[in-house]
Amino acid sequence: MIDHPGQPTAGLALGVRGLRKRYGSIVALDGLDLSVPRGLVYGFLGPNGAGKTTTMRLLAGLIRPDAGSIELFGRPFNRGDRRRLFDVGALIETPSFYPYLSARRNLQALASAGAPVSRGRIEELLDLVGLHARAADKVSTYSLGMKQRLGIAGALLSDPQLLLLDEPANGLDPAGIVAMRDTLRHLARSGKTVFVSSHILGEVRQLADVVGIIAAGRLVREAPMDALLRDSGAIRVRVRDDEVPQAQAALSPFGSVGPGRTEGDGNSWLSVPVGRERAAEVTRALADAGMYLSGMETEGNLEALFLELTGSPEPSAGEGTFKGLGRMQ
Amino acid sequence: MRLLLDQIGRLLRRPASWVTFGLIAGLMAFVFIVIGATAQTLEGAQGSAAVLAILTFPGAYEAVLGFLVGLGGLLAVVYGAAIAGSEWTWGTLKNAIARGESRAGYVIALFAAIALVLALGLVLAMAVGVVAAFAGATLAGIPTDGLSDSATLSALPEKLARGWLGITEAGAIGFAIATFTRSQLAGIGVGIATYFGEQFSTIFFPDIVKYLPFHAAEAVIGVTPGFGDGGPGGPPPAQLSADVALVVVIIWLIGAVAFSAAVTQRAEISG
């Protein structure tokens, strides 16, 4: 599902139509369309260099598009409309602060520019991001994760209706990631819109209600997360180890069944590349072959869909393997 | 106003502000006290009268101010470039713009804060310089009766204001260069090169150079910078009259700030 250019953007927190941006001979965005409904978390996915950060910069008014339009809350956002950003909080690229100032003083500095900030908000946010105990320390002594937390606090400073977060999990420890996810989910439940760019599929999968996938400066898919997972789904069945070859043969009409992954207790999991709506057919196929599964799960294979849509090569030698690795001495 | 006040607070907390102040105040105190302490060895030497005149009040007031505007101009270029450049290098300008702050407004507020901090620094450095000159005069055994010369003291506020304009204009040049280069390091480097480039150009284009920003800034107080009354280095270079220099300084000052605002207004901000 991709909205067509010209589709009404009423009811959207953010509507982008035909956005184009070049840096010299490099085309960063090539007619990008986005439709971000209000009050949810929108995951903006794409491989490195797909145009995510360029989009973020455009949405935050840092750079100007060559063509196309941006609407914030149903109204055009043009050059000179800087006050429209009072409703937007942003963390673009790396968090940026005065290194010689404390976290608290940095937030005060941020609060002195742009949208007004309510009294007590800074202490509230320092508490929220878990930096209250270190709030008086200079930011130059902070780790990347702590700076990231402070950046998120900075984005939330004016209690914005729309939050733009560029790779917000960068540098965060697992507890920080969980806390960030909970915070963003809470914000969405309270009616705010959260637009999160990321190349980490697991993070987006756990966080986003709607996903937009960008490749080479264009939107290649935009849909609710549930629909994406359903379309890209798989079913996992648990059978006895000695039945794996027989089960693979019985399930082969559904597609390529992966090698069994043993649990070490005499049972293995097999992955069948079909959506959960065909679960009954899978169980029947096994039963017809004289086997009874001892467990069943549905899973969405977002990774496969992402690789397919973005044209990225599927790693053959393990996730994250670079093409030239085999040639390295 | 909240932005300006916050900018001033940030600058007062910034190590670069105190390092710059410490450098000029410390160097000046050192020079005046060393001259005073070694005055007896200068007796009879060529130019010794001019050197000792530096410590003689009320002329010492002008010597201090000349020193501040001369060396202060170079330090102001570096300071202005450091402050403006760091906004780009650290990405803090990006934060303010993304919060909906006016680009031109932010730059003007930042420069206004620099100008006010320079005013504070100039007054404090002047006080340090006068104390150092008094100490040097005492060490040299030079009478300090002229310390309370009413004519000089009544003219001092205007000269300080002129000196402040000169230093602020030099700071604006550094500020504009760093804004243009969008880098702290490049801004400081190009700023220093521009300063010395202008000094060396005196040899080739003396009639043009006097209208350039750093020469005009030094001429604005009406004394030869460095060592008032001509100093020991021979005749002073050709310079504008103080009033013409004042007009030229204001033009350079406004031009540099307007240029910085325009560059920021049009800039594509990344990083």
- line: All conditions in (1) part of a helix (DSSP H, G or I); (2) within 20 Å of A:G114 (Cα to Cα) are true of A:G89 except (1)
- prompt: Among the residues of region A:62-95, which ones are more than 11 Å from every other protein chain (Cβ to nearest Cβ) and of a type in the set (S, T, Y)?
  reply: A:S69
message: Whether any residue in region B:164-183 is over 19 Å from B:A115 (Cα atoms), out of contact with any helix residue (DSSP H, G or I) (no Cβ under 8 Å at 6 or more places or on another chain) and crowded, with 17+ Cβ neighbours inside 10 Å is what I want to check.
response: no
- prompt: Do we find a residue being within 15 Å of the chain's Cα centre (by Cα) and assigned to a helix (DSSP H, G or I) anywhere in region B:90-111?
  reply: yes
query: Would a scan of region B:37-54 turn up a residue that is within 22 Å of the chain's Cα centre (by Cα) and away from every other protein chain (no Cβ under 14 Å)?
result: yes
- request: Tell me which residues, restricted to region A:190-201, are in contact (Cβ under 8 Å) with a residue 40 or more places away in the chain and out of contact with any Ser or Thr (no Cβ under 8 Å at 6 or more places or on another chain).
  value: A:G191, A:K192, A:T193, A:V194, A:F195, A:V196, A:S198, A:H199, A:L201
task: Tell me which residues, restricted to region A:97-110, are touching a residue at least 24 places away in the same chain (Cβ under 8 Å) and within 8 Å of chain B (Cβ to nearest Cβ).
output: A:F97, A:Y98, A:P99, A:Y100, A:L101, A:L110
query: Among A:L144, A:L163, which is the only one that is of a type in the set (A, V, I, L, M, F, W, C) and over 24 Å from A:L72 (Cα atoms)?
result: A:L144
task: Could you tell me which numbered condition A:G264 fails, if it satisfies all but one of (1) at pLDDT below 90; (2) assigned to a helix (DSSP H, G or I)?
output: (2)
message: Among the residues of region B:191-225, what is the count of those that are aliphatic (A, V, I, L, M) and surrounded by 20 or more Cβ atoms within 10 Å (Cβ to Cβ)?
response: 7
- request: State all residues of region A:208-242 that are assigned to a helix (DSSP H, G or I) and surrounded by 23 or more Cβ atoms within 10 Å (Cβ to Cβ); if no residue qualifies, say none.
  value: A:L228
- prompt: Within region B:72-91, how many residues are over 16 Å from B:H215 (Cα atoms) and hydrophobic (A, V, I, L, M, F, W, C)?
  reply: 7
- prompt: Can you name the helices (runs of 4 or more DSSP H) wholly within region B:117-232 that have at least 2 residues being among the small types (G, A, S)?
  reply: B:150-181, B:184-201, B:213-219
task: Of the numbered conditions (1) away from every other protein chain (no Cβ under 11 Å); (2) crowded, with 18+ Cβ neighbours inside 10 Å; (3) within 21 Å of B:L5 (Cα to Cα), A:R119 fails exactly one; give the number of that condition.
output: (2)
Positions within region B:96-113 being at the interface with chain A (Cβ under 7 Å from one of its Cβ atoms) and closer than 13 Å to B:A84 by Cα, in sequence order: B:Y106
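Here's the yes/no breakdown for (1) at pLDDT below 95; (2) charged (D, E, K, R); (3) touching a Pro at 6+ places or on another chain (Cβ under 9 Å):
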residue	(1), (2), (3)
B:A161	no, no, no
B:E169	no, yes, yes
B:Q199	yes, no, no
B:I208	yes, no, no
B:A216	yes, no, no
B:I221	yes, no, no
field: Residues satisfying the stated conditions in region B:147-203, i.e. in contact with a Ser or Thr (Cβ under 7 Å, 6 or more places away or on another chain) and among the polar types (S, T, N, Q)
entry: B:T179, B:S183, B:Q184
- request: Search region A:202-226 for residues that are at positive phi and pair each with any residue that is of a type in the set (D, E, K, R) when their beta-carbon atoms are under 6 Å apart and the residues are at least 6 apart or on different chains.
  value: A:G217/A:D30
- prompt: Mind checking whether some residue in region B:248-256 is more than 14 Å from chain A (Cβ to nearest Cβ), modelled with pLDDT under 90 and outside any loop (DSSP other than H, G, I, E, B)?
  reply: no
field: Residue in region A:153-198 that is nearest to A:L110 (Cα to Cα), counting only those that are within 14 Å of chain B (Cβ to nearest Cβ) and part of a helix (DSSP H, G or I)
entry: A:G154
- request: Write out, first by first residue and then by second, each pair whose Cβ atoms fall under 9 Å of each other, whose residues are 6+ apart or on separate chains, and whose first residue, in region A:48-62, is farther than 18 Å from A:F86 by Cα while the second is modelled with pLDDT of 95 or more and in a helix (DSSP H, G or I).
  value: none
field: Out of A:G15, A:G49, sole residue that is farther than 15 Å from A:V88 by Cα and not hydroxyl-bearing (S, T, Y)
entry: A:G49
message: Any residue at all in region B:24-45 that's assigned to a loop (DSSP other than H, G, I, E, B) and modelled with pLDDT of 90 or more?
response: no
- request: Confirm whether B:L139 is surrounded by fewer than 22 Cβ atoms within 10 Å (Cβ to Cβ), in contact with a Gly (Cβ under 6 Å, 6 or more places away or on another chain) and at negative phi.
  value: yes
statement: Filtering region A:53-71 for residues that are of a type in the set (A, V, I, L, M), surrounded by fewer than 21 Cβ atoms within 10 Å (Cβ to Cβ) and in a strand (DSSP E or B) leaves a count of 1
message: Criterion first (over 22 Å from A:Y42 (Cβ atoms) and of a type outside the set (A, V, I, L, M)) does A:P95 satisfy it?
response: no
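The values are calculated or read from the model by the stated rules, or taken from the named source; none is laboratory data. Small disclaimer: the values here were computed from a predicted structure and weren't measured. Cβ: placed from backbone, ideal geometry, glycine included. Neighbour counts: every protein chain shown.
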